[in-house]
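Below you'll find the structure, written out as structure tokens, and then a few comments.
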Amino acid sequence: MKSEAAGQGDAAAIRVLYLFDTTDRAESESVIEMARRGVVPTIVCQPDAPMRERFVEAGLDVVPVAMRTKADPRAIAALRRLRRERTFDLVHAYYKVALTNYQLAGLSPSLPRLPVVAYRGIIGNLSYFDPFSWLSFLDPRIERIVCVCEAIRQYFLHKSLVPGVRLFRPERVATIHKGHRCEWYRQAQPQLPTDLQIPPGAPVIGCVARLKKRKGIVELIRAFEQLPAALNAYLVLVGRVEYAAITQAAAASPAADRIRLTGFRRDAPQIAGAFTIKTLPSLRREGLPRAVIEAMAQGIPAVVSDSGGNPELVEEGVSGRVTPAGDIEALRAALEQLLADPRLRRRMGVAAERRIRDHFTVERTAEETLALYRAVLQR
């Protein structure tokens with residue numbers, strides 16, 4: 001039986017060892033698309049990885065390896081065996097725990113060195129004093145670092161041990177956006193659960209995230225409570241609260257009766273599909289947030305801060321609004337503008353869906369990744 005991922009020859013049968021921890025749909029589908037173009041993939045992932053069955057269904061070779069820590073002796077041994085038993089042209093690591101275990105496995109003198117490509121989806125969180133940072137993204141042996149947004153690439157390019165001496169050459173760090181398909185996120189009947197007690201027809205400003213300090217949620221609450229009461233808007237915050245000041249700000253707000261802190265919800269995608277406006281007012285260190293992509297793919301306009309990759313997703317004034325991080329007044333004004341103008345919301349919602357459909361595609365991600373592989377192997 002011919003596999004779904006039967007190669008088309010574009011990649012000249014590049015043999016790639018893909019290293020996952022868990023699996024993400026966008027990452028997984030890009031690997032499947034690269035296999036269609038001729039890559040010969042071997043996929044290492046956790047035994048219970050969500051997309052493992054999708055890989056198998058597509059006819060790809062999956063090797064389950066449990067990786068409990070960044071230095072798991074059993075995982076290291078399993079990766080060494082795999083390297084000895086099979087031949088690869090390069091390694092592409094999507095998760096730090098998989099990358100550090102592979103790097104430790106590669107310390108064996110009997111294993112020939114392979115070029116390693118590593119994916120990075122967040123800004124910061126790399127310490128010179130953390131040995132695992134030197135086993136991952138700070139390791140000069142890493143041939144390429146693929147950044148999910150240009151903001152992360154710029155973070156690497158400006159990283160230095162001493163002033164004026166940068167660690168990363170421009171050609172070593174590339175920006176490749178993750179690809180998506182709008183149909184993954186569309187909800188057949190998006191609706192707000194009755195337990196949220198939001199009146200039918202009331203506009204809803206929504207945020208789905210791990211509710212940390214750096215996500216700007218306290219600032220969002222401050223902006224929300226300054227909106228005209230006549231708009232009758234509700235604020236729905238979906239996600240685990242990891243910063244106590246958020247709960248305190250919501251409880252003390254003059255608009256507390258229109259703020260909903262839901263905590264973690266398994267029905268978050270259905271809730272998000274019913275938002276009037278999606279917002280993510282992060283203060284710093286934002287990557288390319290999937291929650292914003294999910295909303296835009298459903299035709300929901302977004303109001304985001306200019307932190308990290310947000311401006312790469314949302315075109316200011318076209319598919320949503322982009323406001324300065326931490327600027328409560330600018331955030332309030334952007335939310336009020338969209339709430340007060342249904343025609344503008346619809347126009348921006350159409351542009352938001354088109355933005356994801358046309359510019360953040362699985363095919364584009366695969367094409368750019370394959371070009372990177374060729375550049376690495378031609379060196």
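Kindly indicate whether Glu150 is farther than 25 Å from Ala274 by Cβ, among the acidic types (Asp, Glu) and exposed (fewer than 12 other Cβ atoms within 10 Å of the Cβ). In short, no. Of all residues in the stretch 102-127, those that are in contact (Cβ under 8 Å) with a residue 40 or more places away in the chain and outside any loop (DSSP other than H, G, I, E, B) have Cβ atoms under 8 Å from Cβ atoms of residues that are surrounded by 18 or more Cβ atoms within 10 Å (Cβ to Cβ) and acidic (Asp, Glu), 6 or more apart or on another chain, in Val117/Glu143; Tyr119/Glu27. Only one entry of Gly206, Gly216 meets the criterion of being of a type outside the set (Lys, Arg) and out of contact with any Pro (no Cβ under 6 Å at 6 or more places or on another chain), and that entry is Gly206. Restricted to the stretch 55-91, and to residues there that are in contact with a Ser or Thr (Cβ under 8 Å, 6 or more places away or on another chain) and closer than 26 Å to Asn125 by Cβ, the residue that is surrounded by the fewest Cβ atoms within 10 Å (Cβ to Cβ) is Ala71. List the helices (runs of 4 or more DSSP H) inside the stretch 270-379, counting only whole elements, that have at least 1 residues being within 22 Å of the chain's Cα centre (by Cα). Filter on the stretch 270-379 gives 290-297, 310-313, 342-359, 362-377. Scanning the stretch 208-265 for residues that are assigned to a helix (DSSP H, G or I), touching a residue at least 60 places away in the same chain (Cβ under 8 Å) and among the basic types (Lys, Arg) yields a total of 4. Hey, can you tell me all the residues within the stretch 128-153 that are touching a strand residue (DSSP E or B) at 6+ places or on another chain (Cβ under 8 Å) and part of a helix (DSSP H, G or I)? Across the stretch 128-153, the qualifying residues are Glu150, Ile152, Arg153.
Answer with yes or no whether Arg290 is surrounded by fewer than 21 Cβ atoms within 10 Å (Cβ to Cβ) and more than 24 Å from Arg357 (Cβ to Cβ). Considered against the rule, which asks whether it is surrounded by fewer than 21 Cβ atoms within 10 Å (Cβ to Cβ) and more than 24 Å from Arg357 (Cβ to Cβ), Arg290 comes out as no. A single entry from Arg355, Arg343 fulfils the requirement of being surrounded by fewer than 15 Cβ atoms within 10 Å (Cβ to Cβ) and in the same structural domain as Asn232 (by TED's automatic domain parsing): Arg343.
The values are calculated or read from the model by the stated rules, or taken from the named source; none is laboratory data. The structure presented is a predicted model; accordingly, all values stated were derived computationally and were not measured. Backbone-built Cβ (ideal geometry, glycine too); neighbour counts: all protein chains shown.
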